[in-house]
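See below for the structure under consideration.
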Amino acid sequence: MTHHTKLDQPYLSPCSSSLHLQAPLARARSEQGRRGAAGGDYFCKEMGENGVPKHCYPAAAAAAMEVTSMELGHTAGSKCYDDDGRLKRTGTMWTASAHIITAVIGSGVLSLAWAIAQLGWVAGPAVMLLFSFVTYYTSALLADCYRSGDECTGKRNYTYMDAVNANLSGIKVQICGFLQYANIIGVAIGYTIAASISMLAIKKANCFHVEGHGDPCSISSTPYMIIFGVAEIFFSQIPDFDQISWLSILAAVMSFTYSTIGLGLGIVQVVANKGVQGSLTGISVGVVTPIDKVWRSLQAFGDIAFAYSYSLILIEIQDTIRAPPPSESKVMRRATIVSVAVTTLFYMLCGCMGYAAFGDAAPGNLLTGFGFYEPFWLLDVANAAIVVHLVGAYQVYCQPLFAFVEKWAQQRWPKSKYITGEVDVPLSLSGSAGRCYKMNLFRLTWRTAFVVATTVVSMLLPFFNDVVGLLGALGFWPLTVYFPVEMYIVQKKVPRWSTRWVCLQLLSLACLIITVASAAGSVAGIISDLKVYKPFVTTY
């Protein structure tokens, strides 16, 4: 239950034979012969401090050394391989931060103004700060579980499930796997909904600009979900997590772009209103019924939890960080505190400014709920940035699931050419002299089927706030709190009924109560929406 081996050839490489069925060690020998014959080439590149390649050794000598090292299992001192025999990881605190920011500052930021409107000026920001603290603390606990034993030389756990399996046992491993991958599927659905709403908002903003704000400009979101799905089919063919850093960095830039625009528009609206809107306790009973006030408040907790959710892919992100010193856990804790601090600042600014601008009438999605109409071109830029960000965020979340299914299939049917074979697809007209994409037929069909399935489900449940709240509630306690706490207790041998043990269990219990209450509020909202919604017909 691990990622693709990093000894595999890159997914973009010089064109060679049409089918690759070699094991990593055989591939290394093949590479030794091919490059050794070339004479003047180099087998590998030593990575500098910033991941910049340096020359290593001549091809023949380096290849012979590395193959021998792999055969003997001695890779700890290798210039090209890490202590587990995989190609040198090159991730840093900054690349890890980019992955985290891409995962965290997602569509959830746009629902925070609505969430604060349900809770008010006192509880809203307080709950946001509480979730940020809990997320950082439990992420630090989880980062310590990447290696079993010594933090620098212990056995690596490549995935969240590997970490649970190494520290806990029995049914907990299966429960963790189910919750993690079910949550990933849910996030894929939520991001498809959010992206389609942002694309639809671009169309509606232009319609309002031409036809006036009184025109309903009703548009179906279905075509936009299909467009997003087609884009994800293309990007999902990038084979592994460590090959999407560029997409994460681009997505992180986009998240800052639309968050800044939302913040700026909120400030302008506050100035236009000549004062701050809202109240200390949020939307009041009378505007909504008492029971609706309760359900909305609980759903707001789920929305805020979703906005901080990334623990389910933390171990996978940590597995991209280069080998010690310093240890991966120390680098990951630094990346976490930087990322959580930056996101909390943006969340406080965007959520609070959105509430200050619109008060209790804050829209469920700040940039697509049309609290703002002008300047329409700036709204178009912000919503386009959201779409680009969500394309990247979708991949950051789904790569662990893709890798898990493909690893399982390779172990189940190791001799199947359909599962393990790779076909060279030329990317230029120059044939063998150009670059090739290594296409795996199973990867192509399975990932395409996954994207199609999540897109179809998104068409059936396009309720942004309710779906976001439910996803946040279901994933928060078990994946962000319970498993990190339990693994930390086992790994650090925290004595039962000690002060630390009691505090950790109280934290877990409190978060469980919040999770159950938030899930109930979101389910109530979805049931209410379904009473008036017609699949594939309802327009916005």
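Within region 434-469, count every residue that is touching a strand residue (DSSP E or B) at 6+ places or on another chain (Cβ under 8 Å), at pLDDT below 85 and either among the aromatic types (Phe, Trp, Tyr) or in a helix (DSSP H, G or I) (or both).
Qualifying residue count, region 434-469: 1.
Just for region 160-184: of the residues that are among the β-branched types (Val, Ile, Thr) and modelled with pLDDT of 85 or more, which one is farthest from the chain's Cα centre (by Cα)?
This residue is Ile171.
Scan region 408-418 for residues that are open to solvent by 10 Å² or more (accessible area, probe 1.4 Å) and assigned to a helix (DSSP H, G or I) and report the count.
The total comes to 6.
Does Ser518 count as open to solvent by less than 30 Å² (accessible area, probe 1.4 Å) and modelled with pLDDT under 90?
In short, yes.
In region 73-110, which residues are at pLDDT 75 or above, assigned to a helix (DSSP H, G or I) and polar (S, T, N, Q)?
Matches in region 73-110: Thr95, Ser97.
Look at Val253 and say whether it is modelled with pLDDT of 85 or more, under 21 Å from Phe346 (Cα atoms) and assigned to a helix (DSSP H, G or I).
Taking the combined requirement at face value, the residue does not satisfy it.
Consider Ser245 carefully, then state whether it is at negative phi, touching a Ser or Thr at 6+ places or on another chain (Cβ under 9 Å) and open to solvent by 10 Å² or more (accessible area, probe 1.4 Å).
Answer is yes for this residue.
Anything in region 248-273 that is among the polar types (S, T, N, Q), open to solvent by less than 40 Å² (accessible area, probe 1.4 Å) and either without any contact (Cβ under 8 Å) to a residue 60 or more places away in the chain or touching a Gly at 6+ places or on another chain (Cβ under 8 Å) (or both)? List them, or say none.
If the condition is that a residue be among the polar types (S, T, N, Q), open to solvent by less than 40 Å² (accessible area, probe 1.4 Å) and either without any contact (Cβ under 8 Å) to a residue 60 or more places away in the chain or touching a Gly at 6+ places or on another chain (Cβ under 8 Å) (or both), then Ser248, Ser255 are the ones that fit.
Given the criteria closer than 24 Å to Ala382 by Cα, open to solvent by less than 40 Å² (accessible area, probe 1.4 Å) and not aromatic (Phe, Trp, Tyr), does Ser309 qualify?
So Ser309 passes the test.
Among the residues of region 312-327, which ones are under 19 Å from the mean Cα position of the chain (by Cα) and open to solvent by less than 10 Å² (accessible area, probe 1.4 Å)?
The answer is Leu312, Ile313, Leu314, Ile315, Glu316, Ile317, Gln318, Asp319, Ile321.
Checking the condition out of contact with any Asp or Glu (no Cβ under 6 Å at 6 or more places or on another chain), surrounded by fewer than 20 Cβ atoms within 10 Å (Cβ to Cβ), modelled with pLDDT of 85 or more and closer than 22 Å to Ala201 by Cα, which residue from Val391, Val381, Val405 passes?
Result of the check over Val391, Val381, Val405: Val381.
Just need a number here: residues in region 157-192 that are open to solvent by 10 Å² or more (accessible area, probe 1.4 Å), closer than 25 Å to Pro326 by Cβ and not polar (S, T, N, Q).
3
Among (1) touching an Asp or Glu at 6+ places or on another chain (Cβ under 7 Å); (2) not in a loop (DSSP other than H, G, I, E, B), which single condition is Ile317 missing?
The single condition Ile317 does not satisfy is (1).
Among (1) part of a loop (DSSP other than H, G, I, E, B); (2) open to solvent by 30 Å² or more (accessible area, probe 1.4 Å); (3) more than 22 Å from Leu349 (Cβ to Cβ), there is one condition Trp295 misses while meeting the rest; what is its number?
Single failed check for Trp295: (1).
Is it fair to say Phe301 is modelled with pLDDT under 75, more than 26 Å from Gln491 (Cα to Cα) and touching a helix residue (DSSP H, G or I) at 6+ places or on another chain (Cβ under 7 Å)?
When the stated conditions are applied, Phe301 does not pass them.
Just the residues that are part of a helix (DSSP H, G or I), open to solvent by 10 Å² or more (accessible area, probe 1.4 Å) and within 23 Å of Ser329 (Cβ to Cβ), please, taken from region 479-504.
Matches in region 479-504: Tyr482, Glu486, Tyr488, Ile489, Val490, Gln491, Arg500, Trp501, Cys503.
The values are calculated or read from the model by the stated rules, or taken from the named source; none is laboratory data. As the structure is a prediction and not an experimental result, all values here were calculated from the model. Counting neighbours? That spans all protein chains shown, and the Cβs are built from the backbone with ideal geometry, glycine included. What goes into the accessible areas is simple: the full protein's heavy atoms, side chains included, and nothing from ligands, DNA or RNA. Shrake-Rupley method; radii C 1.70, N 1.55, O 1.52, S 1.80 Å.
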